[in-house]
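The values are calculated or read from the model by the stated rules, or taken from the named source; none is laboratory data. Computed from a prediction, not measured in an experiment: that's the story for all the values here. Using ideal geometry, Cβ is built from the backbone for each residue, glycine included, and neighbour counts are taken over all protein chains shown. With ligands, DNA and RNA removed, areas are computed over all heavy atoms of the protein, side chains included. Shrake-Rupley method; radii C 1.70, N 1.55, O 1.52, S 1.80 Å.
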Amino acid sequence: MNKHYRALELDKVLELLAAQATCEDAAEAARALQPSPYLGEVQRLLNDTDAAFCLMAKFGAPPFGDVKNVSNALRRAQAGAMLTLPELLRVAGTLRGIRSVAEWHSHCEGMGTCLDDRFSSLSPNKYLEDRIRTTVISEDEISDQASPELYTIRRKMRAASARVRDQLDKLIHSQTAQKALQEPIVTIRGGRFVVPVKAEHRSAIAGLVHDTSSSGATVFIEPMGAVEANNEIKVLESQEAAEIERIVRELSADTGSFADAIIGDYTVLVGIDLIFAKARLGYQMKAIVPKVTEDGHSVLHRARHPLINPQKVVPIDVELGGSFDTLVITGPNTGGKTVTLKTIGLLTLMTMCGLMAPMRDGSRLSVFRTVLADIGDEQSIEQSLSTFSAHMTNLIRILEDADEHSLVLLDELGAGTDPVEGAALATAMIERLRTQGARIAATTHYAEMKAYAIQTEGVENGSCEFDVESLRPTYRLMVGVPGRSNAFAITERLGMDPSVVQRARSLVSGDDRRLEDVVVVLEEKRLSLEKELQEAKEATRAAQHANETAREQLVALQAQKEQELDHAKNEARRVVERARRDAEELIAELDALRRQRNSADFLKKAVAARSQLRSRLNKLEDDIDPVTQKAHGAYQLPRPLVVGDEVLIVDIDKSAVVTALPDAGGKVEVQAGIIRTRVSQDNLRLIETKTALTPKQGKGGVYTDVSRSTRRAQTELDLRGQTIDEALLEVDRFLDNARLGGIDRLTIIHGKGTGALRAAVHAHLKSCPGVKSFRLGLYGEGETGVTIVEMR
C-alpha cells in the first residue's frame, strides 16, 4: 500500500472492512481497495454504499450463506475432470448463496436502487443445486437415491451382510464354539466378517485367519460357512464403487457445463458482498455519505477518527480549501494535533474508497488526485538517517509530487533542528506548496508560523484546546485561534519555583511576548463568547421545552375534549332511548283511549289523559334540556303575581307573560312567545316594566306583548304518509299554534288516496271549537287533496 495511505492508517480501516465481509474473496477485495481520484467513480461507489445501507435498514442484510470460491474446481470440471465430493458440496453451497441473495432482492419491493442491475444479473441454478444436494449426502457419502442401480446394489449388500451376521451369530452362540471364542462377538477385518478365537483353539473353528491381536492371544478367523457370503459382499462393494464413480463423473460433467455462469454469478456476488460490507461498517461507525466535490473545499462537521474508541473520541469541526487553503495547527503535545491531521486525511481517503465517513450531515469532502502525508517518526538506522533527515527526505518527495489536485498533511513541520532554521524551512515549504496549488494542513510549535498565518492571506491559524487547570488537553479544535504553548503555566502548576518561571519569561523576546499576549487576549474573548453562546443555547432549550410542554398540554386538552364529547354523545343517546320508550308508551295509551271513544266516560278519560300526557311531555323536555338549571337563590317576589305580569323564566333566561294565577302546587301558567307552559313560581322573576300588555280578542284570554313582534306560526300542514292517529295529533298541535299566532286561514294537505285520512280530518275539525269553517280546495289550491280551514 502507498506509504502515505499507511501513514494515515487506511490499512487499518480496510482491515475493519474486511472483517465485515462474508466470503474470503470479498475480504481480500476490501484489503486491496485503492482510493479513486475521479469524482464520477467516487460518486458511483458512494451511491452503491448508500443504496446497500438503505436496503439493510429496511430489509436487513442479504443472506450470503456459505459462499466459496469454486472457480478452480469448475474449470477442472469444464475440462472433463472428476470432482471430489467436498468440491461438489462447495459448488452446491455457492449456488445456494446465489439463489438466497436473488430471492432476498425479489422481496425488496418498491426499492428501486442503483444495485438492481447487479442483483438482476444473478441467475440461480436450482436444478444443479438440488441434484448435488440429493446425490451427495456428506463429504464421503453418496445417497442411495443417486441412481436406481446404486440403490439395488446397496440393498443386496445389506441383505448379504445380514446373512453373514446371522450365520456368525449362530456360531458364536453354539455350545461347541463358545469354548474356542475369545469373546462372543462378530467383528470386521479387511472388510470381511470374522470372529475372535483363542490362539490355542484356532483349529476348533475351520476358516481363514485374517488377523491376530498384538499379544498373539487372539486370532480373527473367517469361518468357512461365511466365506461365500463375504465374497459376495466384496463383489457388491466393487460394483458400488464403480457405480459411485460413474455418478460422480456424470455429475461433474453436468457441473462443468454451467461453469461460466456460476463463476460469473460468484464474481457479481463478491462485489455485492463488498458493497454491503461497506454499509455494515458505516452503520457500525454511525457514518454518513458526505457530499463530494473536486474543488478542493472540504467541510467536516463533528468528524470522528474511526479508529479511536467512540466513547472517548472528541468530534472536531474543521474546514479547508474555502476562504483559506492552508491551516496551521498549534498547541501542546498530546493535544490532538496529529489526530486532527489524520482525521482529515483518513476521512478523505475513506470517501474516495466509497466508504461512509463518521461525521454529521451537511459535511462535504473534496476528491484529490494525490493525498500526501508526512506523519510520524521516519528515522531509519539502515539508511543512516536521523529523524530530521528522514522527514526532509519525505518532504522533498512531497514537494516534487504536489500540485493543485493534492492534499498535503504535515506533522511537526520543521522539527528536529535549530528552531530558527526549522521555522524558516517550514515557512518556505508552505509557501512553495501554496504556489503549486496544494491544500495544506500542518502542525507546528513555532511562534513564527503563528505570526505567518496571521499576516498571510489564505492561511488560517488553528489550535487544540488545553485546560491549564487540569493539565489535560480537551482535544477540541478551534479554527481561527492560534494555540498557546502553555509551557510556563504547566511548569508552574507542576510546582516549579516561581522565580525560575519568571526568569524564563523575561528571557523570551519582546515580539514573542507580544504575540503570546495577543493569543491570551484572543483566548479570553473566545471563552467569553463561548459562555454567552452556551447561555443562549440553554435559553433556547428552555424555550423549546416550554413549547413542547404547552403542546403536550394542548394535546391532552384535545383528548379530554374528545372524551367529554364521547361521554355527552353516550348520555344523549341514553336520554333519546328513554324518551323514545316513553313516547311509545304514550302512543299506546292514546290508541287505547281512542278505542274507547264511544264509552260514556270518554270525555273524563280524555281530560285525564291530556293532563297526564302534558305532564309526561314536560318531563321528557326536562330530561333532554341541555340548559343547566340555575340556582333559585333567596329571591322573593316583591308582590303576588297577577295575570298580565311580565316575568323572567330563570333556568332558560327567557321572558314570558303570566296567563293564569298559581295553582295549589305553586305552578304558574305563562306564555313565552307562542309557547304556553306551567312553571314553578320559584323559577320566575318579576320584571317591572311600563310596557302595556293587552289581551288579544278571542277565546282563551291570551295576552301578547305589543312592544315586540311575535314569531309567525306555519300556515300549512302536510299529513301525507302518517297514520290517522298521528295525523290528528299533528292537527291539534297545528291548530293551537295557529290560534296563538293569530292566523285566520290554514291549509291541511292530506292527499287524495282512498279518502280515509280526509274523512278523519274533517270529522275531527267538526269537533274543534276554534274552527269557524272548512272546505276542500279549489282548482289551483290542491282540489280534494287539501282542506282549507277558517279560524274564529
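Annotation note: GluC sites (Glu not before Pro) in region 402-445 located in DSSP loop regions with a Cβ neighbour count of at most 14 within 10 Å are GLU404.
Put simply, the Cα atoms of region 198-267 extend 69, 28, 9 Å along their principal axes, the longest span coming first. Its residue count N fixes a reference of 2.2 N^0.38 Å for region 95-232, and the Cα radius of gyration divided by that reference is 1.91.
The stretch between PHE59 and ASP317, if pulled fully straight at 0.36 nm per residue, gains 89.5 nm over its current Cα-Cα span. Between TYR151 and ASP66, the modelled labels are 2.6 nm apart [label points 7 Å from Cα along Cα→Cβ]. Largest first, the residues ARG439, ARG505 sort by 1.4 Å accessible area into ARG505, ARG439.
Packing around the peptides 578-584, 85-91, taken as the average count of other Cβ atoms within 10 Å per residue, puts them in this order, highest first: 85-91, 578-584. Using R0 = 22 Å, the C-beta based FRET efficiency linking ALA759 and GLU716 works out to 0.60. When the surface is traced with a 1.4 Å probe over the full set of protein chains, MET224 keeps roughly 110 Å² accessible. Take the Cα of ALA543, step 7 Å toward its Cβ, do the same at ARG432, and the gap between the two points is 5.4 nm. Largest first, the residues THR267, THR444 sort by 1.4 Å accessible area into THR267, THR444. Here the label points at LYS561 and ASP361, each 7 Å from Cα along the C-beta direction, are separated by 3.2 nm in the simple model.
If we count every other residue with Cβ under 13 angstrom of GLN145's Cβ, Lys/Arg +1 and Asp/Glu -1, where does the sum land? Local charge sum for GLN145: -1. Gain on full extension, evaluated as 0.36 nm per residue between ARG745 and LEU778 minus their Cα-Cα distance, stands at 10.4 nm.
Taking a sphere under 11 Å around the Cβ of THR49 and counting the other residues whose Cβ falls inside, with K and R at +1 and D and E at -1, yields a net charge of +1. Placing R0 at 22 angstrom, the Cβ-Cβ distance between ARG246 and ARG75 gives a FRET efficiency of 0.45 after rounding to 0.05.
For the pairs LYS12/LYS312; LYS156/LYS179; LYS569/LYS667; LYS312/LYS450, note any where the Cα-Cα span goes beyond 23 Å. Check vs 23 Å cut-off fails for LYS156/LYS179; LYS569/LYS667; LYS312/LYS450. FRET efficiency for the pair SER215 and GLU237, taken as 1/(1 + (r/R0)^6) with r the Cβ-Cβ distance and R0 = 45 Å, rounds to 0.90. Peptides 99-109, 545-555, ordered by how many other C-beta atoms sit within 10 Å of their residues on average, highest first, read 99-109, 545-555. The stretch between LEU39 and ASP418, if pulled fully straight at 0.36 nm per residue, gains 132.2 nm over its current Cα-Cα span.
Counting charges near GLY354 (Lys, Arg +1; Asp, Glu -1) among other residues having Cβ under 11 Å from its Cβ returns a value of -1.
For the residue pairs LYS278/LYS337; LYS68/LYS126; LYS342/LYS537; LYS126/LYS278; LYS291/LYS537; LYS342/LYS531, the C-alpha atoms sit more than 19 angstrom apart in LYS278/LYS337; LYS342/LYS537; LYS126/LYS278; LYS291/LYS537; LYS342/LYS531.
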